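The values are calculated or read from the model by the stated rules, or taken from the named source; none is laboratory data. Nothing here was measured: the structure is a model prediction, and the numbers come from that model. Positions of Cβ are backbone-derived with ideal geometry, glycine not excepted, and every protein chain shown enters the neighbour counts.
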Amino acid sequence: MEFPDEERLVAIGRRHFPDGPQDLLREVATITCQARDEADAASYRPPGTAEYIDAVGAAIRLGVTPTGSQDAWSVVRRLTLAKWDGPDKR
């Protein structure tokens, strides 16, 4: 199954968070796609749609944005977009 591109992630985010800030949905989609590319390059399991939804939800609940406090966002990113089980065993 192919991973959704940025536009599809934003559409999925709108369905889960209809009142969520549109700029946040897009920013997190962009970061999720970048994190996916980085994980693939390092042979780690990449974040998927569920991790994107988790990241957006956490950001909304905590009032955090990728363009705001980098300390706060880095914690959200690390806890939602990173998969910790080591290299992918595909």
Worksheet item: Of R14, R36, which residue is in contact (Cβ under 8 Å) with a residue 12 or more places away in the chain, out of contact with any Lys or Arg (no Cβ under 8 Å at 6 or more places or on another chain) and among the charged types (D, E, K, R)?
Response: R36
Worksheet item: So D19 clears everything in (1) in contact with a Pro (Cβ under 6 Å, 6 or more places away or on another chain); (2) surrounded by fewer than 17 Cβ atoms within 10 Å (Cβ to Cβ) except one condition, right? Which one?
Response: (1)
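Mind listing just one residue for me: the one in the range 70-89 that is surrounded by fewer than 17 Cβ atoms within 10 Å (Cβ to Cβ) and closer than 22 Å to F17 by Cα and, of those, modelled with the lowest pLDDT?
Once the filter is applied, the top-ranked residue is A82.
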Discussion item. Of all residues being touching a Phe, Trp or Tyr at 6+ places or on another chain (Cβ under 7 Å) and among the aliphatic types (A, V, I, L, M) in the range 26-49, which is surrounded by the fewest Cβ atoms within 10 Å (Cβ to Cβ)? Just the residue, please.
Written reply: A29
Practice prompt. Restrict the check to the range 60-68 and report whether at least one residue is aliphatic (A, V, I, L, M) and surrounded by 17 or more Cβ atoms within 10 Å (Cβ to Cβ).
Written response: yes
Discussion item. So, E7, is that one surrounded by 14 or more Cβ atoms within 10 Å (Cβ to Cβ), out of contact with any His (no Cβ under 6 Å at 6 or more places or on another chain) and at pLDDT 95 or above or not?
Written reply: no
